[in-house]
1. Between Met1 and Lys200, what is the label-to-label distance in nm when each label sits 7 Å out along the Cα-to-Cβ direction?
2. Hey, in the GNM for the chain with a 10 angstrom Cα cutoff, which one of Gly59, Gly168, Gly83 fluctuates hardest?
3. Counting other C-beta atoms within 10 Å, which of Met137, Met91 has the fewest, and how do the rest follow?
4. So what's the gap between the Cα centers of the range 166-206 and the range 1-76, to the nearest angstrom?
5. Return a single number: how many Lys pairs in the range 2-205, at a sequence separation of 8 or more or on separate chains, have alpha-carbon atoms below 17 angstrom apart.
6. Under a point spin-label approximation (7 Å from Cα along Cα-to-Cβ), what is the Asp118-Asn52 distance to one decimal in nm?
7. To make sure I understand, if each residue's beta carbon is the centre and we count other beta carbons within 10 Å, what order do Val184, Val198 fall in, fewest to most?
8. Output the peptides 64-70, 130-136, 97-103 sorted from most to least packed, where packing is the average of other Cβ atoms within 10 Å over each peptide's residues.
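Read-outs throughout are calculated quantities, based only on the coordinates presented, and are distinct from any laboratory measurement. Since we're looking at a predicted model, the values are computed, not measured. Heads up, the Cβs are rebuilt from the backbone with ideal geometry, glycines too, and the neighbour counts pull from every protein chain shown.
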Amino acid sequence: MKVVVFGASGGTGREIVAQALDRGYKVTAFIHVTRAFEDDDRVQKVQGDVLNAEDVKKGVSGQDAVLSALGRGASKIPATSAGTRNVIDEMQKAGIKRLIVESAFGAGDSARQISIPDRLVVRGLVLRKGFQAKDRMEEDIEKSGLKWTIVRPPRLTNGPRRGHYRAGERIPLNIASGISRADVADFMLNQVEGEEFVGKKPSIGY
């Protein structure tokens with residue numbers, strides 16, 4: 001199985017790369033930082049800008065599945081929406097179908113699962129632009145015609161991989177809920193060959 005990871009040098013992305021290697025996958029890391037993974041010869045590296053379609057094309061070419069952990073931080077808002085749009089476009093051109101993307105609990109229609117006061121604070125003030133970008137990203141993915149899964153974790157931690165968590169489109173979570181990046185990576189990789197959540201937007205948490 002050949003997979004490419006966008007956002008590979010971020011917290012979740014690094015976990016996806018490491019765990020994909022452990023599963024025996026051939027892994028391509030799409031990176032913007034030149035020194036990322038420089039000491040790991042098992043990782044094929046494509047350096048580029050996700051906002052550049054030609055760079056994205058190099059990363060997508062020849063893959064069986066695409067995993068994306070772009071844009072958790074506010075400084076990466078363009079990558080979340082415009083960058084993912086480039087990924088979708090190049091997948092469509094290359095005939096690659098499987099796409100698994102990290103979004104966030106509270107994005108898209110999961111906003112209705114957050115209490116109104118918390119929604120006003122998080123979506124209206126603290127992370128407004130970030131959630132708007134994720135909303136656009138999710139809309140583009142849903143319209144893409146790809147075999148997609150949108151994963152919506154709440155607050156991310158640097159804890160260990162437990163391998164035990166809840167996942168589903170209506171599981172009870174709130175903005176104080178948390179899950180480790182390692183377990184988000186575990187769940188995302190389970191979807192590469194799994195069918196349960198194709199065309200769905202599961203939240204994930206403990």
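1. Using points 7 Å along Cα→Cβ, the separation is 1.7 nm.
2. Largest GNM mean-square fluctuation: Gly168.
3. On the way: Met137 27, Met91 24.
So the ranking, lowest neighbour count to highest, is Met91, Met137.
4. Cα centres, the range 166-206 to the range 1-76: 20 Å.
5. Close lysine pairs under the 17 Å cut-off: 29.
6. 4.1 nm
7. Going from sparsest to densest Cβ surroundings: Val198, Val184.
8. So the order, starting with the most tightly packed, is 64-70, 97-103, 130-136.
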